[in-house]
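In what follows, a structure is listed as structure tokens, so that the remarks can point back to it.
The values are calculated or read from the model by the stated rules, or taken from the named source; none is laboratory data. Worth saying up front: this structure is predicted, and the values here are computed from it rather than measured. Because the Cβ atoms are built from the backbone with ideal geometry, glycine has one as well, and the counts that use them run over all protein chains shown.
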Amino acid sequence: MEGRRLLKILEKLDPGIILFDDNLSVKYINRVILLTFSEFSKEELFTSDIMGLHDVKAQNKIKAMLRLMKDSSRPVPFSFKRISAHNKDHYLFIKLIPLLSNNNDENLNCMLVYDITPYITNQEQTFIKIPVTLGKEIYLIDPVEILYIKAENVYSKIYTIDGEYLCDFSLLFLEERLPTEYFYRIHRSYIINLTKIEKVIKDGQSYLLQLQGCDVSLPISRSKVADFSKKIGLK
């Protein structure tokens, strides 16, 4: 797995730093934040609260992190976030840290922001690594390791030879950002790695796929059969 490599990436990156109060108003930022969010002006970054850059789903996650941060008995783990603005995606690892002042006249909090966008996407915004979670750990998976991906409500599960992992992205989001020469959506609930196909099984009017190292047979939607057959050279 790429867990160790992820830590090495974080170690060599200069973190962006945001100091904000309990009302979520931004008080201080460092230059890394200005460079990371270059599509925003300095004034924009200061006039909005820290939720202003996030969609509703990410806001709810950050609010949960803030609640954990205030509980000094519980460590706050790194959290992965995607921010989309001006037709540009940022993929960030974020850690929140409570701060103490000498006279307690102002409650400030610190957000460390690590921009790993260049390490997981190319210039076309296609994934070269995919962030996933297993328990409390975050890993980066190489797409070539993937057997298939299954929809899991607004999230997805990624299956490899080593096991299954939760991904924060929807199946549609992944479909749009995985290389189409290797990945194909066979069903509203499944994307498969074409290089992992071991057998195509016809069962009456239905078609099933068996993948290398996988005991599960995956269904191909009837509406996809013709296009899929052409894709893999059966027609």
Find the residue count for the stretch 129-165, including only residues that are under 12 Å from the mean Cα position of the chain (by Cα) and farther than 15 Å from I191 by Cβ. 6
Is it the case, given these coordinates, that I141 is crowded, with 20+ Cβ neighbours inside 10 Å, among the hydrophobic types (A, V, I, L, M, F, W, C) and in contact with a Cys (Cβ under 8 Å, 6 or more places away or on another chain)? no
How many residues, within the stretch 32-51, are in contact with a strand residue (DSSP E or B) (Cβ under 9 Å, 6 or more places away or on another chain) and either surrounded by fewer than 16 Cβ atoms within 10 Å (Cβ to Cβ) or farther than 14 Å from A85 by Cα (or both)? 11
Test for I220: is it β-branched (V, I, T), in contact with a helix residue (DSSP H, G or I) (Cβ under 7 Å, 6 or more places away or on another chain) and either at pLDDT 90 or above or surrounded by 15 or more Cβ atoms within 10 Å (Cβ to Cβ) (or both): yes
When the stretch 179-235 is examined, which residues are found to be in a strand (DSSP E or B) and either among the β-branched types (V, I, T) or farther than 21 Å from Y159 by Cα (or both)? I186, I191, I192, I197, V200, I201, K202, D203, S206, I220
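To keep it simple, each residue is scored yes or no on (1) in the same structural domain as I197 (by TED's automatic domain parsing); (2) of a type in the set (S, T, Y); (3) in contact (Cβ under 8 Å) with a residue 60 or more places away in the chain.
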site: I138; (1), (2), (3): yes, no, yes
site: I146; (1), (2), (3): yes, no, no
site: V154; (1), (2), (3): yes, no, yes
site: D168; (1), (2), (3): yes, no, yes
site: L172; (1), (2), (3): yes, no, no
site: T180; (1), (2), (3): yes, yes, no
